[in-house]
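Engineer: Below: one structure in structure tokens.
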Amino acid sequence: MKCFFAFKDKFKNKGGSRSAPELQSKSKSDSSAVKRGTKSSSSLPSPRSIQELYKEREQKLRVFTYNELREATNGFNRLLKIGEGGFGSVYKGTIKPSDGQGVPIVVAIKKLNTKGLQGHKEFLAEVQFLGVVNHPNLVKLLGYCSIDGERGIQRLLVYEFMPNRSLEAHLFNRASPTLPWKTRLDILLGAAEGLAYLHGGLDVQVIYRDFKSSNVLLDEDFKAKLSDFGLAREGPQGDHTHVSTAVVGTYGYAAPEYVETGHLTIHSDIWSFGVVLYEILTGRRVLERNRPTVEQKLLEWVKQFPADSGRFSMIIDPKLRNQYPIAAARKIAKLADSCLNKNAKDRPAMSQVVKSLKEATQMSETTAGTSSSSSSGSKSFQRKPK
Ligand SMILES: Nc1ncnc2c1ncn2[C@@H]1O[C@H](COP(=O)(O)OP(=O)(O)OP(=O)(O)O)[C@@H](O)[C@H]1O
Ligand SMILES: [Mg+2]
């Protein structure tokens, strides 16, 4: 499912050639509730901005020439194309190490659409946020290419390659082998830890704004890493309760209060996390138009099967073939319900979500061998796919 954009962003800085992305202040549409330097009532010093942090760390990112990346992808060969999103196409490529020595490195190269609705602002956000963050559950940005030349505009991003693609590909693609219960929990926990770090582990609070199964990438061990920071924003500062923004994100995942008001808070990310919790439990997308009307909207459909009811197991992904502990599944559904609380402030913090997921993991380990309420399920757990 692609991002939606309620506004159009034009490319800036026409003409001239530049290799490093310019650090700009926020656009007007995105900043109304955030006043940098505003002190809170407790007179705490203002946290440093992402831009300040980025200036300290930017030297870590490699600046590529367009030719280097064209060569790395064999001329952006379509056989090397591994995905396509709202921002552009992603290619598998091979680059030389920065010192030119040693074995080539396999990377993912995202070539942004330069004619689409999205543009420079999302590119800058991606470079700045990923240039600053550092966590095992966030994808690593190795470098970028940014050219505004006479021959046109080019924006490319170079990431560590994630061999197991995205959670979306594994959950919904019929050709993919079933993700076992334990792997699902590990992925959720990794993604939750990445999000908890963004919300509370940096000098500045980061609202991710695009949490969805296609942005949870999987490494060779199926460890989850969040990708796509083009829509990320710094959280509100001082006495401000929210950041006012144009409404952007992905249909189905965005929190209702954010869609209605444009007021962005970390609670919006928690809602999106709740949506993915139900996707993982059910193996269904948040919106499936090819189903009977009552089943099309995942969040509406699951309401008929409350976590405490006898009917609950009917919503669990049939691909799991009853190979999951029902108590842990109920716990995940209850956690999802709390994340999907209409009242944003009553949603749990990501640190609490991490705690609940660890408890569900423990329950799954201690009850390993039990299956769902159905007596027909076999008693063992599948191993992680290799
Ligand atoms: N670092 C990476 N390593 C391996 N595959 C990747 C990597 N980054 C992206 N991909 C693949 O490319 C696909 C497209 O990614 P992209 O972020 O462009 O779009 P999306 O997340 O599907 O949608 P949107 O642009 O709306 O967020 C991903 O789903 C994933 O399969
Ligand atoms: Mg993505």
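Engineer: Please go through the range 278-315 and pick out each residue that is surrounded by fewer than 11 Cβ atoms within 10 Å (Cβ to Cβ) and under 20 Å from A169 (Cα atoms).
Structural biologist: R289, N290
Engineer: Based on what the data block shows, is T245 surrounded by fewer than 18 Cβ atoms within 10 Å (Cβ to Cβ), within 20 Å of V259 (Cβ to Cβ) and away from ligand 1 (no atom under 13 Å from the Cβ)?
Structural biologist: It is false that T245 is surrounded by fewer than 18 Cβ atoms within 10 Å (Cβ to Cβ), within 20 Å of V259 (Cβ to Cβ) and away from ligand 1 (no atom under 13 Å from the Cβ).
Engineer: If you don't mind, another one. Sort through H170, H240 and tell me the only one that's over 18 Å from A336 (Cβ atoms) and modelled with pLDDT under 95.
Structural biologist: Result of the check over H170, H240: H240.
Engineer: Suppose we filter the range 183-239 for residues that are of a type in the set (S, T, N, Q) and within 16 Å of ligand 1 (Cβ to nearest atom); how many remain?
Structural biologist: Counting residues in the range 183-239 that are of a type in the set (S, T, N, Q) and within 16 Å of ligand 1 (Cβ to nearest atom) gives 4.
Engineer: Still on this structure: Would you call L179 crowded, with 23+ Cβ neighbours inside 10 Å, touching a Cys at 6+ places or on another chain (Cβ under 7 Å) and aliphatic (A, V, I, L, M)?
Structural biologist: The answer is no for L179.
Engineer: How many of the residues in the range 89-120 are farther than 20 Å from L218 by Cα, crowded, with 19+ Cβ neighbours inside 10 Å and not aliphatic (A, V, I, L, M)?
Structural biologist: 4
Each row is one residue, and each column tells you yes or no for (1) surrounded by fewer than 20 Cβ atoms within 10 Å (Cβ to Cβ); (2) on the phi > 0 side of the Ramachandran plot; (3) of a type in the set (S, T, Y); (4) over 18 Å from the mean Cα position of the chain (by Cα).
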| site | (1), (2), (3), (4) |
| --- | --- |
| N134 | yes, no, no, no |
| V139 | no, no, no, no |
| S146 | no, no, yes, yes |
| E160 | yes, no, no, no |
| R184 | no, no, no, no |
| G200 | yes, no, no, no |
| N215 | no, no, no, no |
| D219 | yes, no, no, no |
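Engineer: Something else about it: Report yes if some residue within the range 254-267 is aromatic (F, W, Y) and within 16 Å of ligand 1 (Cβ to nearest atom); otherwise report no.
Structural biologist: No, because not a single residue in the range 254-267 is aromatic (F, W, Y) and within 16 Å of ligand 1 (Cβ to nearest atom).
Engineer: Can I ask one more? For the structure I just gave you, tell me whether E84 is free of Cβ contacts under 8 Å to residues at least 40 places away in the same chain and within 22 Å of the chain's Cα centre (by Cα).
Structural biologist: Here the answer is yes, as E84 does meet what is asked.
Engineer: Would you confirm, using the coordinates I've provided, whether P348 is closer than 19 Å to A191 by Cβ, at pLDDT 50 or above and not in a helix (DSSP H, G or I)?
Structural biologist: So P348 fits the description; yes.
Engineer: With the range 139-258 as the region, which strands (runs of 3 or more DSSP E) entirely inside it contain at least 1 residues that are within 16 Å of ligand 2 (Cβ to nearest atom), farther than 29 Å from A327 by Cβ and assigned by TED's automatic domain parsing to the domain that holds Y54?
Structural biologist: 141-149, 152-160
Engineer: Then there's this: State which residue is nearest to ligand 2 (Cβ to nearest atom) when the search covers only the range 110-123 and only residues that are under 17 Å from the mean Cα position of the chain (by Cα) and more than 26 Å from L188 (Cβ to Cβ).
Structural biologist: Among those residues, the one meeting the criterion is E122.
Engineer: OK, next. Name the residues in the range 303-345 that are of a type in the set (G, A, S) and either outside any loop (DSSP other than H, G, I, E, B) or outside the structural domain of T366 (by TED's automatic domain parsing) (or both), would you?
Structural biologist: Answer for the range 303-345, where residues must be of a type in the set (G, A, S) and either outside any loop (DSSP other than H, G, I, E, B) or outside the structural domain of T366 (by TED's automatic domain parsing) (or both): S313, A327, A328, A329, A333, A336, S338, A344.
Engineer: Any residue in the range 167-183 that's in contact (Cβ under 8 Å) with a residue 12 or more places away in the chain and under 23 Å from L138 (Cα atoms): show its pairings with residues that are away from ligand 1 (no atom under 11 Å from the Cβ) and among the β-branched types (V, I, T) at Cβ separation under 7 Å, as long as the two are six or more apart or on different chains.
Structural biologist: Correct list of pairs: L167/I187; L171/I280.
Engineer: Follow-up. Based on this model, can you work out whether D269 counts as over 19 Å from G190 (Cβ atoms) and acidic (D, E)?
Structural biologist: no
The values are calculated or read from the model by the stated rules, or taken from the named source; none is laboratory data. What you are looking at is a predicted structure, and each value in this text was computed from that prediction instead of being measured. With ideal geometry, Cβ positions are generated from the backbone for all residues, glycine too; neighbour counts draw on all protein chains shown.
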